[in-house]
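Accompanying notes for the structure given below.
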Amino acid sequence: MEAVRAVDSVVDKLPVIEVRDAIKRYGVGDASIFALNGVSLTIEAGEYVAIMGPSGSGKSTLMNILGALDNMTSGEYFLDGIEISSMDEIHLSIVRGRKIGFIFQSFNLIPRTTAIANVELPMAYQGVKTKERRERALVALDVVGLGDRINHEPTELSGGQQQRVAVARALVTRPALLLADEPTGALDSKSTADLLDLFDQINAAGRTVVVITHELDVAHRAKRIIRMRDGKIVSDELNKERVA
Amino acid sequence: MSVFEIVRFAIRGLFTNRLRTFLTVLGITIGVASVIILLAVGNGSSKAIQASLDRLGTNSLQVRSGGGGFGARARASASSQKPLTILDAAALMDKTQAPDILQVAPIASTNGTCVVGASTTTPSTFYGTWPAYYKASNTSIQSGSYFTNDDVTQGRRVALIGQTTATALFGTTSPIGQTMRCSGIEFTVIGLTTVKGASGFQDGDSLVLIPITTMENSITGNQPLSSIIVEATNSKTTDAAQTELTTILDARHGISGRKTADFSVFNQASLLTTASTSSKTFTTLLGMVAAISLLVGGIGITNIMLVTVIERTREIGIRKAIGAPKGAILSQFLIEATILSVLGGALGVLVGFIGSHFTIAGTKPVIVPASVFLAFGVSILIGVFFGGYPASRAASLRPIEALRHE
Ligand SMILES: Nc1ncnc2c1ncn2[C@@H]1O[C@H](COP(=O)(O)OP(=O)(O)OP(=O)(O)O)[C@@H](O)[C@H]1O
Ligand SMILES: [Mg+2]
C-alpha cells in the first residue's frame, strides 16, 4: 500500500473512460462478424471494473480498443476527456505510454531481456533519464515483490512472477488506467491471489482498474461487474460484496 | 528518446540474439570476401599473362624453314625445299613491299664449344645475327657494348655472351675485353648480356652471339639460316607484316598455286592473344561465380533479416503496446541491420585482403579496387534494405496486429 503510493507520488487527475456506440466489425459482406455491436460505457476515475462473458462475446475486442491497441469500425472513445478514436499514430503512442498500463494473459515480456530492463522500457520510450528510470523500475519491482529477481530473464521466472513483472511494467509509468485481459488465466491459485491483492492495492491508491475474467472469484474482487454477450453489454451492476 | 538510447537498444538487440548476429555477419563476410578474392584471382592471372606478353614482345614473328608452322601451311617435299638465306632476310627489309616490317634479323645457329684455358662450355644458344636482333629478341647488355652493323660488314671476331657462359669461362672476373675460342675461332668478348633467366628447360643466359658474317665465313660456311626474326612496326600491324613477309618469301621461293610453302611463320602475338582471351574468359567466369556467391550471400542475409523481423514482430507489438513510437522501433531495427552489414562487410574486406595474399591455383591474386567497393556496398544495401523494409512494415501495424503475429 505504502509502496504503491511511492510509485504513484503524483496523483493523476480524474481518469474517465467514455465509449459511445462502439462497433467493431471483422470481415466484409455476409461473412462479417460484429465483435462489438454498439457498446456504450462510462467508467469513472478510481473504479474497479470486471468484464465477464462467454468466449467470443467481444471482451478482448473491447479491451484492445480501450487500450488504444486496436481501432474501432465506428463509434467514439474518450479517455480522460481526450478523443482517442480520431487520433493519429504518433499521439496514440504517447497515450499508450503515459495513460494506459496494459496487462496481457500471456504476459508479453520482451524475451531474453531482464526483468528490470523490461520494466524500464516504457520509461525509455518516454525519455525518462536513465538514473530516474532505474530507481522507479526498482521501486515498481519491489511493489510487486520481485526486488530480488531484477536480473532474471522471463524464462527464469515462474508464470506468476512474469505476470508481476508485467504489472510492474504497466504501473511504472503511473498510468491513469490499468487494463488487464485475463491476467490470471495462466496463473495458479496462489499467484492469482497475490495478483488480486496487488490489484486491490493499486485500486486503493486511486487508480482505475479494468479486468477481463472468466473466473467468478476474480470478478468478485471488483466493485462493478459488466457482462457481455454477442458484442453487447447485457448487464452492468455494482458488486454488492465490495460496495456498501 | 535519444539517438544514443536507440543505438544502445540496437546493440542490446544484437547481443540478445547472438547466434543470428553471428550467422548474419558470417554470411556477409563470406559473400564479400569471396567476391574480392575470386575477382583478385581472375585479375591476377590476366595480369600475369599481360606481363609475359610484354616481356616477349607482341610484335615479333619468326620465320623458319619447312612447312607446318603456326598458321598451318602444309609441308613441302624435301626436294623442292629452298633454304632460308640471308638474302631472304634482306628482301624482307624492302620498305615498299613490306611497309609494316620494322626490322629483320636473320639467325644462323651452330653447336660449338667455347674454351678459355682449361674452362670449356657449350652454349645452348650460339647464334650469328646482326644488330636488329637485340630489339626483336629483347636482348640487352649489362656491361660492355653491342656489336655493330660495321662489325657485321667487316666480319669481325667479336662476341656478346650471357651470364652463364661468362661464369663458366671467366669465373668472377669481368669477361669484357677477354678472348675465348669457340669452334676453333678466337673471339673478343665485347659485351655481357642482361640476365634473362630460364624459359622452360632452356637457360637463356647460356648464350653466345656473334656477327652473322663471322659465323658464315669462319664456322658454318653457307649453311641455311635457322630462322629469321621479323619485327612489325607495332603490335597492331603484326598480322599485316605476316602477310607481307609471306608474299615476299612466296615469290622468292616460287610458291604458288598447288605448291606448298617451304617455310613457316610463327606468330607469338597471336598465340599470346589467344592466351589472354582465354584468361579474360576465365576472369569473366570467376566474376560470374563471385556475383552468384554475392547473390547467394545476399539471399542469405535477406532471409535472416526477414526471419528476424517476422520472429520479432511480436516483440515490435509489445514495444508499441507500451508506448514505443514507430520511429524509435524503425530506427532500432535499421541500426541493427546497419551494424550487422557494416561489420560483416568490413570483416569480408579484411578476409578478402588477407586471402589475396596467398597464391591461389598458381596465381598471385591482384585485388580489383572496384570489387571491394562493389561487394561492400551491395552487402550493406541488401542488409539495410531487407532489415529495414520488413521492420518498417511491422512497425506500421496496429499493436494488436503485431501482437497476434505468431
Ligand atoms: N482478428 C480477428 N479477425 C476476425 N474475427 C475476429 C478477430 N478477432 C476477434 N474476432 C472475432 O470477434 C469476436 C469477439 O472476439 P474476442 O476476442 O473479443 O472475444 P472474447 O470475448 O475475448 O473471447 P475469449 O473469452 O475467448 O477471449 C469473436 O467472434 C472472434 O471470432
Ligand atoms: Mg479474450
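Partner shielding of A:69-78 amounts to 2, given as the average count of beta-carbon atoms from other chains within 10 Å of each residue beta-carbon.
Taking square-rooted eigenvalues a ≥ b ≥ c of the alpha carbon gyration tensor, is the stretch B:58-269 rounded, prolate or oblate, where a/c under 1.5 means rounded and, failing that, a/b exceeding b/c means prolate? It is prolate, given that a/c is not under 1.5 and a/b is the larger ratio. Altogether, the Stokes-Einstein calculation at 10 °C and 1.306 mPa s, with the Kirkwood radius of the protein assembly as shown over Cα pairs as Rh, returns a diffusion coefficient of 48 µm²/s. Near residue A:187, within a Cβ-to-Cβ distance under 15 Å, what is the net charge of the other residues, with Lys and Arg +1 and Asp and Glu -1? Taking every other residue near residue A:187 into account, the sum is -4.
When the stretch B:58-269 is described by a simple charge dipole with +1 on each Lys and Arg Cβ and -1 on each Asp and Glu Cβ, the residue from B:86, B:159, B:116 located farthest towards its positive end is B:86.
When A:208, A:130 are compared by accessible surface with a 1.4 Å probe, the order from highest to lowest is A:130, A:208.
The residues of the stretch A:102-123 occluded by other protein chains by 40 Å² or more of accessible area, set against the chain on its own, are A:108, A:110, A:112, A:121; surface from heavy atoms, 1.4 Å probe.
Per-residue surface analysis assigns residue B:353 an accessible area of about 90 Å², computed on protein heavy atoms at 1.4 Å probe radius. In this structure, the pairs whose alpha-carbon distance is over 28 Å, taken from A:99/A:131; A:131/A:190; A:59/A:129; A:190/A:223, are A:131/A:190; A:59/A:129. Measuring nothing but protein heavy atoms, the accessible surface of the stretch B:58-269 at 1.4 Å probe radius is 51 percent carbon and sulfur. Spin-label pair residue A:55-residue B:143: with each label point 7 Å from Cα along the Cα-Cβ axis, the two points sit 10.4 nm from one another. Residues of the stretch B:2-28 with accessible area at least 10 Å² lower in the all-protein-chain context than alone (1.4 Å probe)? Residues shielded by partner chains are B:5, B:8, B:9, B:12, B:16, B:17. Nearest 10 degrees, 0 to 90: what angle lies between the long axis of helix B:326-355 and the longest principal axis of chain B (Cα atoms)? The angle comes out at about 20 degrees. Oblate is the label for the stretch B:125-198, because the ratio a/c of its alpha-carbon gyration tensor axes (a ≥ b ≥ c) is 1.5 or higher and a/b is not greater than b/c.
Computed over neighbours whose Cβ is under 14 Å from that of residue A:154, the net charge equals +2, Lys and Arg +1, Asp and Glu -1. Which residue, B:103, B:154, B:50, tops the fluctuation ranking in a GNM of chain B built on C-alpha contacts under 10 Å? Among B:103, B:154, B:50, the largest mean-square fluctuation in the Gaussian network model of chain B belongs to B:154. For the pair A and B, the buried accessible area comes to roughly 2200 Å² in total, with a 1.4 Å probe and the value rounded to the nearest 100.
The candidates A:99, A:240, A:190, arranged from most to least accessible area with a 1.4 Å probe in the full protein assembly, appear as A:240, A:190, A:99. Across every direction, the projection of the convex hull enclosing the Cα atoms of the stretch A:76-187 has a mean area of 7.3 nm². Taking the C-alpha atoms only, the angle from helix B:238-253 to the longest principal axis of chain B is near 20 degrees.
Per-residue mean of foreign Cβ neighbours for A:50-57 is 0 (Cβ atoms of other chains, 10 Å radius). For the stretch B:287-372, the share of accessible area belonging to carbon and sulfur comes to 81 percent (1.4 Å probe, ligands and nucleic acids excluded).
Distance between the pseudo-spin-label points of residue A:186 and residue A:156 (7 Å out from Cα toward the beta carbon): 1.9 nm. Residue B:364 exposes around 110 Å² of accessible area when a 1.4 Å probe is run over every protein chain in place.
Relative to the longest principal axis of the Cα atoms of chain A, the long axis of helix A:159-171 lies at roughly 80 degrees. Surface composition of the stretch A:108-244: carbon plus sulfur atoms hold 48% of the accessible area, using a 1.4 angstrom probe and ignoring ligands, DNA and RNA. Counting charges near residue A:243 (Lys, Arg +1; Asp, Glu -1) among other residues having Cβ under 14 Å from its Cβ returns a value of -1.
Residues in chain A average 43 Å² of solvent-accessible surface per residue, probe 1.4 Å, ligands and nucleic acids excluded. From the Kirkwood radius over Cα pairs of the stretch A:31-89, Stokes-Einstein at 37 °C and 0.692 mPa s returns a whole-number translational diffusion coefficient of 256 µm²/s.
The tail of the calculated P(r) for chain B, taken as Cα-Cα distances beyond 29 Å, holds 63 percent of the pairs. In chain A, Rg over Rh equals 0.96, where Rg is the alpha-carbon radius of gyration and Rh the Kirkwood radius from pairwise Cα distances. Within the stretch B:313-344, the residues that become at least 20 Å² less accessible when every protein chain is included than when their own chain is isolated (1.4 Å probe; DNA, RNA and ligands ignored) are B:314, B:315, B:318, B:319, B:320, B:321, B:322, B:323, B:324, B:325.
The values are calculated or read from the model by the stated rules, or taken from the named source; none is laboratory data. The structure presented is a predicted model; accordingly, all values stated were derived computationally and were not measured. All Cβ positions, even for glycine, are placed from backbone atoms using ideal geometry, and neighbour counts span all protein chains on display. Ligands, DNA and RNA are excluded from the accessible area calculation, which covers all protein heavy atoms including side chains. Shrake-Rupley method; radii C 1.70, N 1.55, O 1.52, S 1.80 Å.
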